[in-house]
């Protein structure tokens, strides 16, 4: 087979979410697949994944219109972000012109992108196209290529209020259309597959293949590494950890409320790891106004390579998310031997099994009690750690990649 993979998420300097999934699948497929040819498409330089397989080829998909669109978007964001700059007619006019230019270029680029990609796939005689993001799925194809997509979650349908309006509209307008024209949709959990079938009435074939935590990145770190991590991020006490993009769906207000009512809250710092996503300033104001604000550390984005010491050193990993397509941080924490308290919703029970304390994410009082109980019970934390390490062994990127490859290969076996 000649397989094309859209890997635009790997053009970024920092990667999370989709980028990490694409990264690990590509790394594993290079190792295990010696038969097929691959064409890796990226908007800019392909980062994070060195291509060292003779049957793999990187296709630079940058073009003038795309670069112009990105420059205009960057200029608009930069000007929009100057909150301290005095508002005036000139600035308002520039913002309006840049916004109009951005919208026009985006619409035009959607068509140009589809045309150029469809042409490239035909010229390269591609058999299977794997779109890793619905944002970059072409509107049409010029050749009879088998179409594969990856379904990460249904946040846009189940919890639209936790998304930015622009992303919400785009997902509703384009994502469902894309999914329904696929030959195969890979879901990252059984729960997400179930939701897609039940809520979206999907007729597309869906195969559920779980994610994994990279054993080379997530492991029980040595004491020296834990100490270095604590020093780097200013952690001076025992601490409770959460790792996520700071956005409403992660239910951080509930975590803050639970932490504030813990009897032993003064003994533990709350460490929030992750970049700021779409979140109202209310959450930050709540921290500043609370009596525990000085006990809360927000690290910002932390590279994956630096997370193991933070997970290993934490007394607890707490993840009261409202909804997840998979819940990778739960698996990462367990693989590092950190006791986990998390939600009993969506795909989380698939990941955690019986190796974590599961509870209703809306039960703030229950969360506070569970945290206090675990923190004051070393035997319970030790048992959760043991179970978590065992549970993590059920997941592996190699196993998932082999299943992924088998699913793709089955498409070509059909007439």
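The values are calculated or read from the model by the stated rules, or taken from the named source; none is laboratory data. Nothing here was measured: the structure is a model prediction, and the numbers come from that model. When we count neighbours, we look across all protein chains shown, and the Cβ atoms used for this are built from the backbone with ideal geometry, even at glycine.
Points worth noting:
- Taking helices (runs of 4 or more DSSP H) as the structural unit, those lying wholly within region 153-259 and holding at least 1 residues that are free of Cβ contacts under 8 Å to residues at least 40 places away in the same chain and more than 23 Å from the chain's Cα centre (by Cα) correspond to 190-199, 223-232.
- Within region 76-91, one or more residues are modelled with pLDDT under 85, buried (at least 18 other Cβ atoms within 10 Å of the Cβ), in contact with a helix residue (DSSP H, G or I) (Cβ under 6 Å, 6 or more places away or on another chain) and over 30 Å from residue 407 (Cβ atoms).
- Residue match in region 298-312 (condition: part of a strand (DSSP E or B), closer than 19 Å to residue 268 by Cα and either touching a strand residue (DSSP E or B) at 6+ places or on another chain (Cβ under 7 Å) or without any contact (Cβ under 8 Å) to a residue 24 or more places away in the chain (or both)): yes
- Number of residues in region 395-411 that are surrounded by fewer than 13 Cβ atoms within 10 Å (Cβ to Cβ) and more than 17 Å from residue 150 (Cβ to Cβ) equals 0.
- The single condition among (1) buried (at least 16 other Cβ atoms within 10 Å of the Cβ); (2) in contact with a helix residue (DSSP H, G or I) (Cβ under 7 Å, 6 or more places away or on another chain); (3) modelled with pLDDT under 85 that residue 63 does not meet is (1).
- Across region 328-350, the qualifying residues are those that are touching a helix residue (DSSP H, G or I) at 6+ places or on another chain (Cβ under 6 Å) and without any contact (Cβ under 8 Å) to a residue 40 or more places away in the chain, and the one among them that is nearest to residue 219 (Cα to Cα) is 330.
- Test: residue in region 13-25 that is part of a loop (DSSP other than H, G, I, E, B) and more than 16 Å from the chain's Cα centre (by Cα): no
- Residues satisfying the stated conditions in region 180-224, i.e. in contact with a strand residue (DSSP E or B) (Cβ under 6 Å, 6 or more places away or on another chain) and within 23 Å of residue 127 (Cα to Cα): 182, 183, 184, 185, 186, 187, 204, 205, 206, 207, 208, 209
- Tally of residues being in a loop (DSSP other than H, G, I, E, B) and modelled with pLDDT of 90 or more across region 130-147: 6
- Against the list (1) surrounded by 18 or more Cβ atoms within 10 Å (Cβ to Cβ); (2) without any contact (Cβ under 8 Å) to a residue 40 or more places away in the chain, the condition residue 99 fails is (1).
- Odd one out for residue 349, checked against (1) in contact with a strand residue (DSSP E or B) (Cβ under 7 Å, 6 or more places away or on another chain); (2) assigned to a helix (DSSP H, G or I); (3) buried (at least 20 other Cβ atoms within 10 Å of the Cβ): (3)
- Residue match in region 151-163 (condition: at pLDDT 85 or above and under 27 Å from residue 412 (Cβ atoms)): yes
- All positions within region 260-276 that are surrounded by 17 or more Cβ atoms within 10 Å (Cβ to Cβ) and either assigned to a loop (DSSP other than H, G, I, E, B) or under 17 Å from the mean Cα position of the chain (by Cα) (or both): 262, 272, 273, 274
- The one condition in (1) within 17 Å of residue 62 (Cα to Cα); (2) in contact with a helix residue (DSSP H, G or I) (Cβ under 9 Å, 6 or more places away or on another chain) that residue 114 fails to fulfil: (2)
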